[in-house]
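Below is one structure, written out as structure tokens; comments come after it.
Just so it is clear, none of the values below were taken in a lab; they were calculated from the coordinates. Please read these numbers as outputs of a predicted model, since none were measured by experiment. As a convention, Cβ positions derive from the backbone with ideal geometry for all residues, glycine included, and neighbour counts pool all protein chains shown.
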Amino acid sequence: MAARKPIVLYTKEEVNALTDWLAAHKDQMPDSLELDRATTIPDVKKTCHLMSEMALDAYERPGLKGHIEILFRIQKKLQDLGIE
């Protein structure tokens, strides 16, 4: 049986840095974003805003860390598009 991956929790500082970055770059975000071949976000600004609020409220809960990971993926994709 394969070993289970440890659950990675983010610190408040990491989540704050992420949500601050997304808020600071809101005006540069495209209207929609293809995150990967299977995931398109039709309203990036609204999605980032709502998911950032959730992340700040729930960063300590392992079961709710998925949306934080998605926010990091959005940040990476935006950086790949030249938004720094």
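Worth a mention:
- Yes/no for residue 11 being out of contact with any helix residue (DSSP H, G or I) (no Cβ under 6 Å at 6 or more places or on another chain), over 19 Å from residue 82 (Cβ atoms) and touching a residue at least 40 places away in the same chain (Cβ under 8 Å): yes
- When residues in the stretch 32-61 are screened for being within 19 Å of residue 17 (Cα to Cα) and loosely packed, with under 13 Cβ neighbours inside 10 Å, 6 of them pass.
- Residue in the stretch 8-16 that is surrounded by 13 or more Cβ atoms within 10 Å (Cβ to Cβ), part of a helix (DSSP H, G or I) and basic (Lys, Arg) present: no
- Residue count for the stretch 57-84, restricted to those that are more than 14 Å from residue 33 (Cα to Cα) and touching a helix residue (DSSP H, G or I) at 6+ places or on another chain (Cβ under 6 Å): 5
Conditions (1) touching a residue at least 24 places away in the same chain (Cβ under 8 Å); (2) touching a strand residue (DSSP E or B) at 6+ places or on another chain (Cβ under 6 Å), marked per residue:
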residue: 31; (1), (2): no, no
residue: 47; (1), (2): yes, yes
residue: 50; (1), (2): no, no
residue: 55; (1), (2): yes, no
residue: 59; (1), (2): yes, no
residue: 64; (1), (2): no, no
residue: 68; (1), (2): yes, no
residue: 74; (1), (2): yes, no
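- Qualifying residue in the stretch 50-57 (condition: under 13 Å from residue 9 (Cβ atoms) and in a helix (DSSP H, G or I)): yes
- Yes/no for residue 60 being over 11 Å from the mean Cα position of the chain (by Cα) and assigned to a loop (DSSP other than H, G, I, E, B): yes
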